[in-house]
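Read-outs throughout are calculated quantities, based only on the coordinates presented, and are distinct from any laboratory measurement. Owing to the predicted nature of the structure, the values given are computational and were not obtained by experimental measurement. For neighbour counting, all protein chains shown are included, and Cβ atoms are generated from backbone atoms with ideal geometry for every residue, glycine included.
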Ligand SMILES: C[S@@+](CC[C@H](N)C(=O)[O-])C[C@H]1O[C@@H](n2cnc3c(N)ncnc32)[C@H](O)[C@@H]1O
């Protein structure tokens with residue numbers, strides 16, 4: 001399996017690949033990972049091949065499957081990312097229609113320009129990130145999209161607008177969070193950028209007009225059964241779960257979710273975004289609500305009691321270190337909730353994938369407050385109680401080395417791995 005190399009852990013390659021590069025996503029992996037598995041498993045030639053991705057993200061697995069003409073189905077818990085994926089799977093786009101709608105949107109913006117009051121109508125977060133004129137154009141484009149009744153074109157332009165938000169902001173908006181200490185050139189104009197992105201997307205679809213629609217996406221939390229996917233419907237699972245590294249997807253996407261009005265404040269981000277995802281950051285829960293006795297009634301604890309008890313012992317170490325740290329982050333609770341949630345997802349993968357089908361996960365190990373957690377190995381071990389019979393770990397690269405110089409940074413070399421469950 002020589003496709004399991006260092007490059008597949010990063011989404012760098014995707015920026016040069018048509019459709020994969022329609023949305024800039026912080027937490028992606030290379031499409032070569034998916035292509036490698038398709039080839040290795042000979043999925044194209046096997047009847048009824050169907051790939052499952054329970055953490056669809058920006059849709060790398062689903063887009064690669066559709067390019068290869070293989071069926072695939074995914075779940076994504078964030079509504080904004082679900083909209084991104086829907087647009088990325090939609091390739092029957094006509095030039096005439098795109099040009100018609102671009103003119104329609106341009107006229108709408110011109111007609112409403114002088115009436116738009118960004119102070120009153122734009123979210124304060126957005127006001128702090130865009131020049132006034134750009135903001136007016138961005139909001140007016142957004143408002144015009146609700147007048148487009150053909151959904152596939154509405155989604156198409158919504159994705160182009162999502163990408164425009166990255167292009168014209170004063171500060172980078174997702175690295176993975178807003179980087180106010182960096183300032184962008186500001187020379188890109190909102191309308192020109194939107195128009196260019198839309199035409200580039202249109203151009204990308206030309207090569208794929210004849211491809212059948214083979215991938216579908218559900219807005220769904222993979223910790224619970226998705227009734228739209230039947231037992232054993234899929235032949236292979238290819239995915240990358242959230243890592244146990246405190247990345248807050250709700251915060252990563254907040255410029256977009258505030259702009260498109262899925263959310264308008266931190267409470268919304270918790271209720272409407274974080275709560276629908278695997279617990280991957282300390283912002284997902286309230287520490288006061290965590291109850292160890294209740295945790296001990298979870299399926300994860302009951303099915304993996306010895307391992308869970310040793311994790312509790314490890315998290316006690318993390319808890320005592322956290323008392324000495326300024327942030328006092330509850331990485332102890334995070335670790336327990338992460339594995340509790342991932343156990344649920346492993347069971348759902350086991351249900352959706354045929355008994356002989358393989359599951360490939362890209363994921364990284366962790367060291368909250370310098371306490372090493374062999375995340376990949378733990379998931380391999382608990383997969384047994386989720387119904388898998390064995391697992392292999394393929395190390396692909398070291399990770400986290402760019403933070404080495406930080407004062408409290410641990411010296412543990414972390415690995416990024418591919419976990420194969422059988
Ligand atoms: C590491 S990213 C996946 C990267 C992705 N495979 C790609 O390259 O585009 C994890 C994704 O899983 C989603 N997610 C987290 N928990 C989820 C859950 N319980 N159900 C569905 N999606 C979830 C997050 O919103 C995020 O988009």
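Shown for region 1-82 is the translational diffusion coefficient from the Stokes-Einstein equation, using the Kirkwood radius over Cα pairs, a temperature of 4 °C and a viscosity of 1.567 mPa s: 99 µm²/s. Highest mean first, the peptides 260-270, 105-115, 33-43 sorted by other C-beta atoms within 10 Å per residue fall in the order 33-43, 260-270, 105-115. Restricting the calculation to Cα atoms, region 284-422 yields a radius of gyration followed by a Dmax of 15.9, 49 Å. Using a cutoff of 8 angstrom between alpha carbon atoms and counting only pairs six or more residues apart, the relative contact order for region 95-206 works out to 26 percent. Pairwise alpha-carbon distances in region 95-206 exceed 21 Å for 37% of all pairs. Solvent-free Debye calculation, one equal scatterer per alpha-carbon of the chain: log10 I(q)/I(0) at 0.12 Å⁻¹ equals -1.03. Does anyone have the angle between helix 79-88 and the longest principal axis of the chain? Alpha-carbon axes, 0 to 90°, nearest 10? Compared with the principal axis, the helix lies near 70 degrees. Helix 305-322 and the longest principal axis of the Cα set of the chain meet at an angle near 70°. Estimated from the Cβ-Cβ distance and a Förster radius of 45 angstrom, the FRET efficiency linking residue 143 and residue 288 is about 0.65.
Placing R0 at 25 angstrom, the Cβ-Cβ distance between residue 211 and residue 48 gives a FRET efficiency of 0.85 after rounding to 0.05. Of interest is the spacing of the C-alpha centroids, which for region 200-235 and region 249-275 amounts to 24 Å. Only helices enter the 222 nm calculation for the chain: every DSSP H run of n ≥ 4 contributes -39,500 (n - 2.57), and dividing by all residues gives -12000 deg cm²/dmol, rounded to 500. Here the relative contact order of the chain, from alpha carbon pairs under 8 Å that lie six or more residues apart, stands at 17 percent. Taking every Cα-Cα distance in region 254-299 and sorting them into 5 Å bins starting at zero, the pair-distance distribution P(r) comes out as 5, 19, 22, 23, 13, 7, 7, 4, 0 percent.
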